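The values are calculated or read from the model by the stated rules, or taken from the named source; none is laboratory data. These numbers were taken from a predicted model, which means no experiment stands behind them. Here the Cβ is made from the backbone with ideal geometry for all residues, glycine too, and neighbour counts use every protein chain on show. In case anyone asks, the SASA skips ligands and DNA or RNA and just uses the protein heavy atoms, side chains included. Shrake-Rupley method; radii C 1.70, N 1.55, O 1.52, S 1.80 Å.
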Amino acid sequence: MENPLLHPFAFIYQIIQWFPNKLFTPDPPQPGAKLGRPKIAIIGAGLTGVSAASHCVGHGFDVQIFEAGPRKQLGGIWSRVNNTSGLQIHSIMYRFHPSVKWSGGYPNREQIVSQITELWKRYGLESKTKFDTRVEKVYKDDKGRWIINNPANGRFDGIIAAVGTCGDAKIPHIPGMDKFKGEIYHSSNLTGKEAKGKKIIIIGGGASAVEALEFAAHEEADKTYILARSDKWIIPRNPIIDILLSFNIFGAETPFSWIPETLLRKFFYRDLEDLAPTDKGLFTGTPMVNSDVMDKIRDGSAEWLRGDIKAFTEEGVKFNVRSKGVPAGGPGRERLVKGDIVVMATGFDRPTLNFLPEDSFEDPYTPPNWYLQTFPPQHVSVCANNCTYVNAIGSVGNWHIGIYTRILLMFLSDPLTRPRTFWMERWIDMTRFVKQFAPTGAFDFFTYLELIWWFTFCIVINPFRWKWAFFVFFGIGHALPKRVVEAEDRIRNGLGDRREDYDVGKSF
């Protein structure tokens, strides 16, 4: 604990984190404790997979984690990015488990991986993780239980797909790359590279570009050029502003969206207002969260160019600079941007969900158009946690990872809460209708408050779920609703309803 006199703000922040830890952290199982069914297969040992597994075992549910990579890839994408990479949003919005304890507002990669590893060990997940095990397929046995790859891996009652949204580094081929006399790297492969006094060209304008900018600043590069195909909304590194923006409950552009957009232009962009998009609203895509990029452009150490890549040359990149409002591929002024290093901030391929059954992808209910965006309507015992979203404004908090996990635990524990395919599809249809005028698809963009509305509706609409409300939202009181379920089971068994299939919905 920090000294309150020497570091008052750090002390207050640690106190703020102490409360959710004490109130909402499930107790780790005792060594050798026998965990019960339902048993859950978790696919992926990244931040979401480890967090979901800890929630499961903390509430008495057994798990097995399957990770395609080796042990060194525990932590998912955070295990593979640069040492200079860190959080862009404040860590108060990145509490992926209630027990996480951040020492500062913007932890780096090493601190994040350390927290994931500590959580993994604290909940005894070392013995429950199979590394170097790529999941190729999941299917059911004759009793409706899930098999992962083959029966040798066991049988499971539910599945949490936690493969994330960032897979292998994506490097598109651009004409002339072989002619460039400098160095070309992907934005995630910059650790150990030297750039002091050099000119860096960053191709791409998203979150990966921010990662490359951090590297350039750390290495004291002479000049950095950001070559972006289109303008992208940038919001400040301020937790209050970021949280307020996530309070748009409609999860889309509204007649009032001009208010935050105008405020950002006037008070954040200021003299750089030309960089703010005019062809797309703030609530249509995931914005960049960074304040440094503006400061670097103002002091001349960085330059943001809008346009199209034409080709590499020996000295740099031939770039067609477009004026504001001119569409991609439109007319402009060709310019040779000279540099010593080119960083491909071109993102990552999205990991596939093709291991799930084929009927999970039947039109028009394909991801992200699933129940609560994560449950395929044909399989209520499958939760694709944190890997189906496209764009969002909000938090990567312990709240929604935990809530999605506990909703699955509720469905597996209580058949009367388990929705039928028909009603899951109707919820999807309803959400599409409500957001029919959104410039994006209904599930292509959401805000955190909209997500909370989804969760609340899910619980309120079904009286059999009311007893689970505190458990779902806060992880409190699992024992009481389970005793009620046992009483309900005795009644159902007396009526001859004894068959249990965790993948079949029974509620209205």
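When only Cα pairs below 8 angstrom with a gap of at least 6 residues are kept, the stretch 170-348 shows a relative contact order of 37 percent.
By a 1.4 Å probe calculation restricted to protein chains, ASP299 has an accessible surface near 110 Å², given to the nearest 10. Computed over the chain, relative contact order equals 18 percent, with contacts defined as Cα pairs under 8 Å that lie 6+ residues apart.
Compute the angle between helix 207-218 and the longest alpha-carbon principal axis of the chain, please, reported from 0 to 90 degrees and rounded to the nearest 10. The helix 207-218 is inclined about 60 degrees to the chain. Annotation: amide H of PHE66 within the under-5 Å range of ILE42, ILE43, GLY44, LYS130, sequence separation 5 or more or interchain, hydrogens built in the peptide plane.
With K and R counted +1 and D and E -1, the other residues having a Cβ less than 12 Å from that of ALA276 yield a net charge of +1.
For the ranges 332-345, 470-483, 373-386, what's the packing order if you count other beta-carbon atoms within 10 Å of each residue, average per peptide, and put the highest first? Let's see the in-between values first.
Working: 332-345: 19.1, 470-483: 16.9, 373-386: 24.9.
Going by the mean number of other Cβ atoms within 10 Å, highest first, we get 373-386, 332-345, 470-483.
Ordered by solvent-accessible area of protein heavy atoms (1.4 Å probe), largest first, the residues THR224, THR262 come out as THR262, THR224. Within the straight-line cut-off of under 13 Å between alpha carbons, the aspartates and glutamates reachable from LYS482 are ASP414, sequence neighbours fewer than 8 places apart in one chain being disregarded. Using the Stokes-Einstein relation with a Kirkwood hydrodynamic radius computed over Cα pairs, the translational diffusion coefficient of the stretch 181-308 at 37 °C and a viscosity of 0.692 mPa s comes to 209 µm²/s.
Of the solvent-accessible surface of the stretch 282-321, computed with a 1.4 Å probe and all protein chains present, 43% belongs to carbon and sulfur. Not counting ligands, DNA or RNA, and with a 1.4 Å probe, what is GLU425's accessible surface area in Å² rounded to the nearest 10? Its heavy atoms expose roughly 30 Å² to the probe. For TYR139 and ALA311, the FRET efficiency from 1/(1 + (r/R0)^6), where r spans their Cβ atoms and R0 equals 41 Å, is about 0.30.
Out of the total accessible area of the stretch 35-129 (probe 1.4 Å, heavy atoms of protein only), what percent is carbon and sulfur?
Ligands and nucleic acids excluded, carbon and sulfur reach 47 percent.
Net charge dipole, the stretch 82-161: roughly 140 debye, given to the nearest 20, about the Cα centre with Cβ charges of +1 for Lys and Arg and -1 for Asp and Glu.
Pairs spanning more than 31 Å between alpha-carbon atoms, out of LYS170/LYS232; LYS223/LYS266; LYS72/LYS101; LYS199/LYS324; LYS137/LYS179; LYS130/LYS506: LYS137/LYS179; LYS130/LYS506. Note on the stretch 170-348: antiparallel DSSP beta bridges, both residues inside, total approximately 35 percent of the bridges counted.
Can you compute the charge dipole magnitude of the stretch 170-348 about its Cα centre, using +1 on each Lys and Arg Cβ and -1 on each Asp and Glu Cβ, nothing else charged? Give it in debye, rounded to the nearest 20.
So the magnitude is around 420 debye.
Two numbers describe the Cα atoms of the chain: Rg and Dmax, which are 24.2, 80 Å.
Rounded to the nearest 500, the 222 nm mean residue ellipticity of the chain from helices alone is -8500 deg cm²/dmol, with -39,500 (n - 2.57) taken per DSSP H run of at least 4 residues.
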